[in-house]
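Here the structure comes first, spelled out in structure tokens, and everything after it is commentary.
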Amino acid sequence: MARRGPNPGREQVTGYVPSRVTVAVLACVLSTDGYFRYRFDVLKLVLAALKANTKVDHDLIVFDNGSYPEVGEYLAGLKQQGEIDYLLSSNRNIGNFGALRMMFNSAPGEVIAYLDDDVFVYPGWLEAQLNLLETFPKVGMVSGVPVRMAARHSSGSLNGLLENPPAGLQVLPGRHIPDEWEYDWAVSTGRRAEEFIEETRGLEDTLLTYNGAAAIGSANHFQFVGYREVLKQGLPEKWDQRLMGDMVEFDQRLDQLGYLRLSTPDRLVRHIGNTINAELSAEAEALGLDKVDAGEVAFTKKHWILYLPRSRKILKALY
């Protein structure tokens, strides 16, 4: 067939310039029942809080990792409305590392602010994390809430900093993370909260102060901010076929490369899990967001099988 005129885009330029920061959300809501029964409501709350509480100029990229059709239609609608800048969609679940690889390689910004689709952000969350990223030396990732157990995956880089501290660095060991935050995190991740608090009773946190900025010496992988080219170094070299993957490996790679993993001393993000409890629903409403109710978490006595050695690891593998 003959060509009918030149492409109208020829000789044209775009006025678009990418923002320095790309906010990246991994959405994975695979069904409407079981574990995922309330996850669509959680995702909606996460995106609403992100829109309301992110004041830093940014582009938003969402990766839909094989969610069921209604979720994909919802996200496509947000993109059509201009609330999502880039929407990547997969017709299958390609796993955490696969999704991160695609997002990190697609993000146009120099800095990536990543969060799982069950992380609620508070006002000022991004400003505070960027401040730590830009203030402390050789930072790999900064999270918006400290989690005491996460310190186990950052010991190498942190110890290196403490052995050869820059001028002006102040270090204060102690219990700086409130038990209330640890309790909420344990509940949101399906742990027995009281038992978890007791198990970590003997652990301390490392509070760092440098050039007027304060940080806890650990980070977590459900939410973090970092330089794109640094974060890409934490991904596996080859395509990883595990659906969940072991994100601790991501933490450890950055740590082994000598990159610091830090968190804000304040709780500026919160892990929700797969249900929205009454407390978080009230917090969201107080921040001006539409009230969302999605079933309280109900815990029963721990099953006897979970007391067997290595049982949790075996059940997780089977799942």
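Quick notes
- Solvent-accessible area, 1.4 Å probe, carbon plus sulfur percent, for the chain: 52
- Mean residue ellipticity (222 nm) of the chain, computed from DSSP H runs ≥ 4 via -39,500 (n - 2.57), nearest 500: -9500 deg cm²/dmol
- DSSP bridge orientation in the chain - percent antiparallel, rounded to nearest 5: 50
- Across the stretch 50-57, computed HN-Hα scalar couplings (Karplus, 6.51 cos²θ - 1.76 cosθ + 1.60, θ = phi - 60°) run 4, 5, 6, 10, 10, 9, 6, 4 Hz from first to last residue, x flagging Gly and Pro.
- Here's how it looks for ASN220: its modeled amide H is under 5 Å from those of SER143, which are all 5 or more places away or on a different chain.
- Taking each residue as 0.36 nm, the span from GLN233 to TYR35 lengthens on full extension beyond its C-alpha to C-alpha distance by 68.1 nm.
- The Rg/Rh ratio of the stretch 125-174, with Rg taken over Cα atoms and Rh as the Kirkwood radius over Cα pairs, comes to 0.95.
- Those trypsin sites (Lys or Arg not before Pro) in the stretch 128-180 that DSSP places in a loop and that have at most 16 other beta carbons within 10 Å: LYS138, ARG175
- Set LYS51/LYS79; LYS51/LYS138; LYS79/LYS232 screened for pairs whose C-alpha atoms are more than 20 Å apart: LYS51/LYS138; LYS79/LYS232
- Using C-alpha pairs under 8 Å with a sequence gap of at least 6, the mean separation divided by the residue count of the stretch 1-134 gives a relative contact order of 37 percent.
- FRET efficiency estimate (nearest 0.05) - Cβ-Cβ, SER155 to GLU83, R0 51 angstrom: 0.80
- Most mobile listed residue (VAL187, VAL248, VAL62) in the chain, GNM with C-alpha springs under 10 Å: VAL248
- Inter-part distance, the stretch 169-202 to the stretch 105-151, computed on C-alpha centroids, equals 20 Å.
- Size of the stretch 21-119 as Cα extents on the principal axes (Å, biggest first): 37, 28, 23
- Radius 12 Å from Cβ of ALA128, net charge of other residues (Lys, Arg +1; Asp, Glu -1): -1
- The stretch 208-297: Cα Rg divided by the 2.2 N^0.38 Å rule of thumb: 1.40
- Residues TRP181, TRP239 ordered from highest to lowest accessible area at a 1.4 Å probe: TRP239, TRP181.
- Rolling a 1.4 angstrom probe over the protein heavy atoms with all chains in place gives the chain an accessible area of 52 Å² per residue.
- Computed accessible area, TYR35, all protein chains, 1.4 angstrom probe, square angstrom: 110
- Cα-based shape type of the chain, given that a ≥ b ≥ c are square roots of the gyration tensor eigenvalues and the cut on a/c is 1.5: oblate
- What the Cβ-Cβ distance of GLU11 and ARG242 gives, at R0 = 51 Å and to the nearest 0.05, is a FRET efficiency of 0.60.
- Selection of trypsin sites (Lys or Arg not before Pro), the stretch 1-53, meeting DSSP coil and at most 12 other Cβ within 10 Å: ARG3, ARG4, ARG10
- For the stretch 133-140, the Karplus equation 6.51 cos²θ - 1.76 cosθ + 1.60, evaluated at θ = phi - 60°, returns couplings of 4, 8, 9, 7, x, 6, 8, x Hz by residue, with Gly and Pro reported as x.
- Longest stretch of the chain clear of exposed loop sites (GluC sites (Glu not before Pro), DSSP loop, at most 15 other Cβ atoms within 10 Å, sites excluded): 111-203.
The values are calculated or read from the model by the stated rules, or taken from the named source; none is laboratory data. Treat the numbers as computed from the prediction; the structure is a model and nothing was measured. Note that each Cβ is placed from the backbone with ideal geometry, even for glycine, and that neighbours are counted across all protein chains shown. The protein model used for the area step is the full one, side chains on, heavy atoms only, and it has no ligands, DNA or RNA in it. Shrake-Rupley method; radii C 1.70, N 1.55, O 1.52, S 1.80 Å.
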